[in-house]
Amino acid sequence: MTASRVLLIYTGGTIGMKRSPLTGVLEPFDFEQLLAHVPELEQFPTFISTYQFNPPIDSSDMSPRLWTDLVHIITDRYDDFDGFVVLHGTDTMSFTASALSFMLQNLTKPVVLTGSQLPIGQLRTDGKENLITSIEIASARHQDGTAVVPEVCIYFNGHLMRGNRTTKQSADGFNAFESFNYPHLADAGVQIAYHEERIHRPDFCKPMVPQFRLDANVIIFSLFPGVREDLIRHIIATPNLRSIVMRTFGSGNAPQSPWLISTLREAARRGTVVVNISQCLQGCVEMGRYDTGYQLQEAGVVSGRDSTVEAAVTKLMYLQGKYDSNVQVRKLMNQSLCGEITV
């Protein structure tokens, strides 16, 4: 096979920062300076091109508009490259990976998001290994030329994870991300061990289909002991609100307050999609397990199954951008579109 071609997209984030001599805080520096810290890239048998957000952004400023920009960047260059690596800040990386997984339907090439907890210019940085291995994964192909990992992933600290299954679990450890409800797609040691039975296999004969429109009329709220009725009613009555991600206890339970059930029933009657996501990092919503969860089901709340909050929110944005009917959105929230839930 000819050498693989990989597009390296730099959005910003800690990996490309340096400490300001004036303020002492981390701030972005030029992408070419970032690459100068990784001379090992010259040893790759892979042709690497680069694209930089101008200016680079802190991942806290990531938005649906920028997700759409990323989809345009990938789509416009899709036929020219065998894989894509997106350098991204860690704070919202799981949201971006989830959004891209829905917006790039029938993806047949790797899109690997990575970053670091320490700037790449620091002595103990984790950025070099994350970047180098991500490029190797993005360029990996089978003998027939098809990609080894044709899906949106996050690579961090030796693990390759399905992007829409990940959550940031640590603010200061190198193991910043984990995929609690789905096993790793690959583990990198001396060799990269791909677990091919876990990797999504698209139809390589069909084209990738991008979607550029998202509808962000969705909100997240968490239940807690003492949650106030007036505040929840105010949230649900928000004009133009199409959907709610409600973070519940355990396997999908909520307080047995009559006002909460009646409020949720009223929201469902108005057509608002309410999705039940557990506050636990691991496990599945089972609304038929306890009476408290069963009452939510009877009120019209949709089970989020074992979805992450990041995947649930971005999936709703994607579906609302595609369908005007909330009945269709409700239906598809219970279906796996790209491996985001277990059905």
**Item:** Point-charge dipole on Cβ atoms (K/R +1, D/E -1) for the chain, about Cα centre, debye to 20
**Value:** 1020 debye
**Request:** Note the direction-averaged projected area, equal to a quarter of the hull surface, for the Cα convex hull of segment 59-119, in nm².
**Result:** 4.3 nm²
**Fill in**
Rounded to a whole %, the carbon-and-sulfur portion of the accessible area of the chain at a 1.4 Å probe is 51 percent
**Request:** Please work out how much length the chain gains when fully extended from GLN169 to ASN334, using 0.36 nm per residue of separation minus the C-alpha to C-alpha distance, in nm with one decimal.
**Result:** 56.8 nm
**Complete:** Along segment 199-207, Karplus-curve 3J(HN,Hα) (6.51, -1.76, 1.60; θ = phi - 60°) to the nearest Hz, with x for Gly and Pro, reads 8, 5, 10, x, 8, 5, 7, 9, x
**Asked** Considering only DSSP beta bridges with both partners in segment 1-90, what is the antiparallel share in %, to the nearest 5?
**Response** 20 percent
**Fill in**
Here the relative contact order (percent) of the chain, from C-alpha pairs under 8 Å and at least 6 apart, is 15 percent
**Message:** How much accessible area per residue does the chain have, counting only protein heavy atoms and a probe of 1.4 Å, in square angstrom?
**Reply:** 44 Å²
**Fill in**
A correct Stokes-Einstein calculation for segment 134-277, using the alpha-carbon Kirkwood radius, 20 °C and 1.002 mPa s, returns a whole-number D in µm² s⁻¹ of 114 µm²/s
**Item:** log₁₀ of I(q)/I(0) at q = 0.15, 0.21 Å⁻¹ - segment 208-259, Debye sum with one point per alpha carbon
**Value:** -0.54, -0.85
**Magnitude of the charge dipole, segment 67-134, Cβ model with Lys/Arg +1 and Asp/Glu -1, debye to 20** = 180 debye
**Message:** Straight-line reach from LYS168: which aspartates and glutamates fall under 20 Å, measuring Cα to Cα and dropping same-chain residues less than 8 apart?
**Reply:** ASP58, ASP61, ASP91, ASP126, GLU129, GLU151, GLU178, ASP187, ASP306, GLU310, GLU340
**Item:** Estimated FRET transfer efficiency when R0 is 35 angstrom, pair TYR290-ASP61 (beta carbons, to 0.05)
**Value:** 0.30
**Fill in**
In whole Å, largest first, the alpha carbons of segment 123-162 cover along the principal axes 40, 18, 11
**Prompt:** Quick one: which of 159-165, 171-177, 306-312 comes out on top by average Cβ neighbours within 10 Å, and what's the full order, highest first?
**Reply:** 159-165, 306-312, 171-177
**Antiparallel %, DSSP beta bridges [both residues in the chain], to 5** = 35 percent
**Prompt:** What percent do you get for the relative contact order of segment 72-175 when only Cα pairs under 8 Å and 6+ apart count?
**Reply:** 31 percent
**Item:** Nearest 10 degrees, 0 to 90: helix 309-322 Cα axis against the chain principal axis
**Value:** 80 degrees
**Complete:** Given 215-226, 91-102, the highest-first ranking by average Cβ count within 10 Å works out to 91-102, 215-226
**Message:** Viscosity 0.890 mPa s, temperature 25 °C: what is the translational diffusion coefficient of segment 45-91 from Stokes-Einstein with a Kirkwood Rh over Cα pairs, rounded to a whole number of µm²/s?
**Reply:** 203 µm²/s
**Asked** Could you list, bin by bin from short to long, the percent of Cα-Cα pairs of segment 63-173 in 10 Å steps?
**Response** 15, 48, 31, 7, 0
**Complete:** With bins of 5 Å, the percent of all Cα-Cα pairs of segment 17-122 per bin from 0 is 2, 10, 20, 22, 20, 15, 7, 2, 1, 0
**Prompt:** What are the semi-axes of the equivalent ellipsoid of segment 243-296, taken as the square roots of 5 times the eigenvalues of the Cα gyration tensor, listed largest first and rounded to whole Å?
**Reply:** 19, 13, 8
**Request:** With an 8 Å cut-off on Cα pairs and a minimum separation of 6 or more residues, tell me the relative contact order of segment 109-249 in percent.
**Result:** 17 percent
**Request:** Would you mind checking the tilt of helix 258-269 against the longest principal axis of the Cα atoms of the chain, expressed as 0 to 90 degrees and rounded to 10?
**Result:** 70 degrees
**Request:** Pop a pseudo-label 7 angstrom from the Cα along the beta-carbon direction at both ILE220 and GLU266 and give the gap in nm to one decimal.
**Result:** 2.6 nm
**Complete:** Projecting the Cα atoms of GLN122, ASN240, GLY89 onto the charge dipole of the chain, where Lys and Arg contribute +1 and Asp and Glu -1 at Cβ, the residue farthest towards the positive end is ASN240
**Item:** Per-selection Rg to Rh, segment 151-219 - Cα, Kirkwood hydrodynamic radius
**Value:** 1.05
**Request:** Using Cα centres only, tell me the gap between segment 149-182 and segment 282-343 in whole Å.
**Result:** 22 Å
**Message:** Can you compute the helix-only [θ] at 222 nm over the chain? Use -39500 (n - 2.57) per DSSP H run of at least 4 residues, normalise by all residues, nearest 500 deg cm²/dmol.
**Reply:** -8000 deg cm²/dmol
**Item:** Highest average packing first - 292-301, 200-209, Cβ atoms within 10 Å
**Value:** 292-301, 200-209
**Prompt:** Per residue and in Å³, how big is the convex hull formed by the alpha-carbon atoms of the chain?
**Reply:** 149 Å³
**Antiparallel %, DSSP beta bridges [both residues in segment 51-188], to 5** = 55 percent
**Message:** Counting each pair of different Cα atoms once, what's the Kirkwood radius of segment 228-343 in Å, rounded to one decimal?
**Reply:** 14.2 Å
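The values are calculated or read from the model by the stated rules, or taken from the named source; none is laboratory data. None of these values were measured; they are calculated from a predicted model. Every residue, glycine among them, receives a Cβ derived from its backbone with ideal geometry; neighbour counts consider all protein chains shown. Surface accessibility is based on the protein's heavy atoms, side chains included, excluding ligands, DNA and RNA. Shrake-Rupley method; radii C 1.70, N 1.55, O 1.52, S 1.80 Å.
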